[in-house]
Amino acid sequence: MTRILIIEDEASYRETLAFRFTKDGYDVQAAETGEEGLEIFRRGGVDLVLLDLMLPGMDGTEVCRKIREKSAVPIIMLTAKSTEIDKVVGLEIGADDYVTKPYSYRELLARVRAVLRRRDVDSAQIPIKDEEPLVCGPIEMNVAEHQVFVHGNPVFFPLKEFEVLECLLRNQGNVVTRHQLIDRVWGADYVGDTKTLDVHIKRVRSKVEDNPSHPQYVTTVRGLGYKIDDPNAD
């Protein structure tokens, strides 16, 4: 049974979500604070986290960071904030999706199912152990080991950032459209904000480019999407 951890301080939201997801066949655990949520998470067995951004004490961004230090478990942020900068912050720290209150349960359920389906597809696609590394200039990716090196130095990539970079590297020199990237990384039934992709591209550039403001390798093809290429290659 899929286990969902709800970290939400508002009792009306927390209790309603716990009831609805339990009724739909999920194993639900709920926490009122970030500290309590992390304690439950550390016991293991959590398949997805619904995380409120505005928590008392340790807020949702800090909880998300701490989870991301140890795990790539899907995280959907729940918050009353709706400005673009708030969404960007949530995505930059590693959230997979972002839902603004008030939301319909049906919409949230659709997003949960989409994220979990994508996770199941990814786990089924076991990379070949002796596959050659994907290389572009100073960037080297070992897919089987989930490792990325830039100029020979290891760089940590959360799952979604890793998948964005992998998709670009597997299509090196070719344009990958925004639609293709979203389908590959978030699934064809993704219903979230397309700003998610832009945020992840920004994060990838911050890790692989010498000057992310003037990228050499991960470039934008206006009106189409993105591509990765080595400008110094023969």
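Please give the number of the condition residue 166 fails out of (1) closer than 29 Å to residue 110 by Cα; (2) without any contact (Cβ under 8 Å) to a residue 60 or more places away in the chain; (3) surrounded by fewer than 19 Cβ atoms within 10 Å (Cβ to Cβ); (4) under 21 Å from the mean Cα position of the chain (by Cα).
Every listed condition holds for residue 166 apart from (3).
Any idea which residue in the stretch 3-32 is farthest from the chain's Cα centre (by Cα), counting only those that are hydroxyl-bearing (Ser, Thr, Tyr) and surrounded by 17 or more Cβ atoms within 10 Å (Cβ to Cβ)?
That would be 13.
Do you know which residues across the stretch 43-56 are in contact (Cβ under 8 Å) with a residue 12 or more places away in the chain and under 22 Å from the mean Cα position of the chain (by Cα)?
Just the residues of the stretch 43-56 that are in contact (Cβ under 8 Å) with a residue 12 or more places away in the chain, to begin with: 45-56.
Hits for the stretch 43-56 are 45, 46, 47, 48, 49, 50, 51, 52, 53, 54, 55.
Checking residue 104 against (1) more than 30 Å from residue 145 (Cβ to Cβ); (2) modelled with pLDDT of 80 or more; (3) surrounded by 15 or more Cβ atoms within 10 Å (Cβ to Cβ): exactly one of these is not met. Which one?
Going through the list (1) more than 30 Å from residue 145 (Cβ to Cβ); (2) modelled with pLDDT of 80 or more; (3) surrounded by 15 or more Cβ atoms within 10 Å (Cβ to Cβ), residue 104 breaks only (3).
The values are calculated or read from the model by the stated rules, or taken from the named source; none is laboratory data. Just so we're clear, the structure is a prediction, and the values are computed from it rather than from any experiment. We place every Cβ from the backbone using ideal geometry, glycine too, and count neighbours over all the protein chains shown.
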